[in-house]
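What follows is calculated from the coordinates using simple rules that are stated; it is not laboratory data. Just so it is clear, the structure is predicted and the values come from calculations on it, not from any experiment. Using ideal geometry, Cβ is built from the backbone for each residue, glycine included, and neighbour counts are taken over all protein chains shown.
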Amino acid sequence: MNKPQITIKDIARELGVSPSTVSRALKDNPDISLETREMIHKYAREHNYKPNALALNLRTSRSNTIGVIIP
């Protein structure tokens, strides 16, 4: 069976930081300390974190999908 995909909230809960801190660290925001960013990146790599494509599409209002209708 496939394990469910890990989320930003899961990472935040495990590391004891807020989800917004995790989000900013994954985007390499300079407001987050280097130590915290490295800790979050390491955890995300070890647990195969990948951003949710559907959530990204909702945020950008673009799906980059083309539909074809065939009669």
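For the stretch 33-50, indicate whether the set of residues that are touching a residue at least 12 places away in the same chain (Cβ under 8 Å), out of contact with any Asp or Glu (no Cβ under 8 Å at 6 or more places or on another chain) and loosely packed, with under 13 Cβ neighbours inside 10 Å is non-empty.
Looking through the stretch 33-50, at least one residue is touching a residue at least 12 places away in the same chain (Cβ under 8 Å), out of contact with any Asp or Glu (no Cβ under 8 Å at 6 or more places or on another chain) and loosely packed, with under 13 Cβ neighbours inside 10 Å.
Keeping to the stretch 53-71, report how many residues are in a loop (DSSP other than H, G, I, E, B) and loosely packed, with under 10 Cβ neighbours inside 10 Å.
10
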